[in-house]
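To start, the structure itself, in structure tokens.
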Amino acid sequence: MKTIMKKRNFNWLLILTMVLVLVACSSSDDSDDTAGGGSSSADQVSQTAQDGTWRVSNYTDDGEDETSDYNGFVFTFNSDGSLVAASSARTLTGTWSVDDSDDSSDDDAGTDDDDFNIFFSVSDDDDFDDLVDDWDIVNVDSNTIALRDVSGGDGSIDLLTFSKN
């Protein structure tokens with residue numbers, strides 16, 4: 001009888017040890033890796049954006065390439081949340097932020113994508129109004145910030161990519 005109890009206790013101890021090892025070894029990475037191996041943690045994205053100046057290397061509005069609307073503009077994402085877009089002919093000041101809110105209306109259902117928020121106080125017919133949004137982060141690395149927006153109205157997809165100067 002003692003041998004059976006010892007064996008039963010040993011089995012439970014073995015099972016408990018295995019469960020603890022599995023829990024301790026499980027990967028718990030809240031940074032939500034994105035396509036291309038980039039990370040979308042809000043702090044990392046913010047630091048990357050603040051490092052240097054950027055240009056729009058791609059802006060596609062519902063399948064139509066409108067990148068040329070931003071040719072010649074240099075974007076600076078400042079640590080105080082201000083955003084400057086400057087060209088030889090025009091300078092705009094706006095705001096930007098990165099947050100890990102999961103309640104964005106343009107997030108894909110069931111995801112908690114980080115949002116890259118851009119705001120310029122411009123009229124509806126200004127090209128920069130197209131950039132005003134809470135963009136989903138697709139990929140970020142030291143040279144690229146790739147963003148995506150799904151329109152709440154018709155489901156069209158806009159793509160915005162900043163490349164480091």
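Values computed for the structure shown
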{"quantity": "Packing-based order for 48-61, 144-157, using average beta carbon neighbours within 10 Å, highest first", "calculated": "48-61, 144-157"}
{"quantity": "Phi-based couplings in Hz for the stretch 81-86 (Karplus 6.51, -1.76, 1.60; Gly and Pro marked x)", "calculated": "x, 7, 10, 10, 10, 10"}
{"quantity": "Net lengthening on full extension, THR95/GLN50 (0.36 nm per residue, minus Cα-Cα)", "calculated": "14.9 nm"}
{"quantity": "Ranked packing of 66-78, 87-99, 128-140, most packed first, by mean Cβ within 10 Å", "calculated": "128-140, 66-78, 87-99"}
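A short reminder: the numbers here are calculations on the coordinates, not readings from a lab. No experiment lies behind these values; they were computed from the predicted model shown. Please note: Cβ atoms are built from the backbone with ideal geometry, for glycine as well, and neighbour counts cover all protein chains shown.
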